[in-house]
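What follows is a set of notes on a single structure, which appears directly below.
Please treat every number below as a calculation from the coordinates, not as lab data. Owing to the predicted nature of the structure, the values given are computational and were not obtained by experimental measurement. Glycine gets a Cβ as well: all are built from the backbone with ideal geometry, and neighbour counts include every protein chain shown.
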Amino acid sequence: QVQLVESGGGLVQPGGSLRLSCAASGSIFISIYVMGWYRQAPGKQRGLVATIPSGGSTNYADSVKGRFTISRDNAKKTVYLQMNSLKPEDTAIYYCNAQYGTMGYWGQGTQVTVSS
């Protein structure tokens, strides 16, 4: 049984920062998976935020380029999302994803609210 557990969400003022973490547990060879963060705002579809393969270049949604940084620690089975210069439009539930071909896992999500 593979589980992805996100943490680090919360309420932050515009311009602030948050760091999300996603820890994988269970029988998963994390290094072969492309890890990613997605988000879903109220009334909108879930969309890509950033992805990171075990080797190779990262990928970001245009809306977060230059503000968000995705990273991973395979030894800790953890992926991170550092979010800086947060804007109200970043408010959403953020989901962690692990994908290997057609095999994928999702976390339960963590709420990020950017508001003054």
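Note on residue 89 and residue 17: with the Förster distance fixed at 22 Å, the Cβ-Cβ geometry gives a FRET efficiency of about 0.90. Full extension of the chain between residue 3 and residue 99 yields a length gain of 33.3 nm, computed as 0.36 nm times the residue separation minus the alpha carbon distance.
Remark: relative contact order (the chain) = 37 percent; criterion is Cα-Cα distance under 8 angstrom and separation of 6 or more residues. Here the Karplus curve 6.51 cos²θ - 1.76 cosθ + 1.60, taken at θ = phi - 60°, turns the phi angles of the range 18-32 into couplings of 9, 10, 8, 10, 9, 9, 9, 9, x, 7, 9, 8, 4, 5, 8 Hz, with x standing for Gly and Pro. The modelled label-to-label distance between residue 57 and residue 111, using points 7 Å beyond Cα along the C-beta direction, is 3.7 nm.
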